[in-house]
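A short worksheet on the structure shown next.
The values are calculated or read from the model by the stated rules, or taken from the named source; none is laboratory data. Being a predicted model, the structure only gives us computed values, none of them experimental. Backbone-built Cβ (ideal geometry, glycine too); neighbour counts: all protein chains shown. For the accessible areas, the whole protein counts, side chains as well, though only heavy atoms, and no ligand, DNA or RNA atoms are used. Shrake-Rupley method; radii C 1.70, N 1.55, O 1.52, S 1.80 Å.
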Amino acid sequence: MISCLRGEVFDVAVDLRLGSPTFLRWYGKVLTAENRASLVIPRGFAHGFQTLAEDCELLYLHTRAYSSDAEGAVNAQDPSVAIAWPLAIAALSERDRSHPFLDDQFSGVRL
């Protein structure tokens with residue numbers, strides 16, 4: 001579960017589940033301290049966000065402890081997902097920029 005404690009973000013979940021009827025579709029929601037909205041990201045979904053304000057603070061609640069072995073990524077600009085980010089992407093970390101695009105061989109993640 002993700003909540004915004006300060007600032008404003010566009011938070012996104014992408015369905016990566018093998019065989020899902022919503023495979024590679026995304027859902028986005030603006031989270032702010034004022035709207036008190038939260039987004040629950042189910043297992044098998046990728047998560048990303050774009051800051052819409054200068055000073056943002058997010059609170060993440062996870063079902064398990066972080067494990068780098070379980071980490072994967074989807075490039076934020078992957079055309080097969082085609083996320084409609086509210087702002088032009090002006091800055092990405094080297095790590096985020098280096099994530100490859102999904103190819104025809106990607107059929108989803110098994111849960």
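Among ALA65, ALA46, which is among the hydrophobic types (A, V, I, L, M, F, W, C) and farther than 24 Å from ARG97 by Cβ?
Being among the hydrophobic types (A, V, I, L, M, F, W, C) and farther than 24 Å from ARG97 by Cβ holds for just one of ALA65, ALA46, which is ALA65.
Among the residues of the stretch 75-106 satisfying the criterion of being closer than 17 Å to SER20 by Cα and either surrounded by 11 or more Cβ atoms within 10 Å (Cβ to Cβ) or modelled with pLDDT of 95 or more (or both), which is nearest to the chain's Cα centre (by Cα)?
Here the residue is VAL81.
Hey, which of the strands (runs of 3 or more DSSP E) in the stretch 1-72, taking only ones fully inside, have at least 1 residues that are within 29 Å of PHE106 (Cα to Cα), touching a Gly at 6+ places or on another chain (Cβ under 6 Å) and open to solvent by less than 70 Å² (accessible area, probe 1.4 Å)?
Qualifying strands (runs of 3 or more DSSP E): 8-15.
Consider the stretch 19-46. How many of its residues are touching a residue at least 40 places away in the same chain (Cβ under 8 Å), out of contact with any strand residue (DSSP E or B) (no Cβ under 6 Å at 6 or more places or on another chain) and not charged (D, E, K, R)?
3
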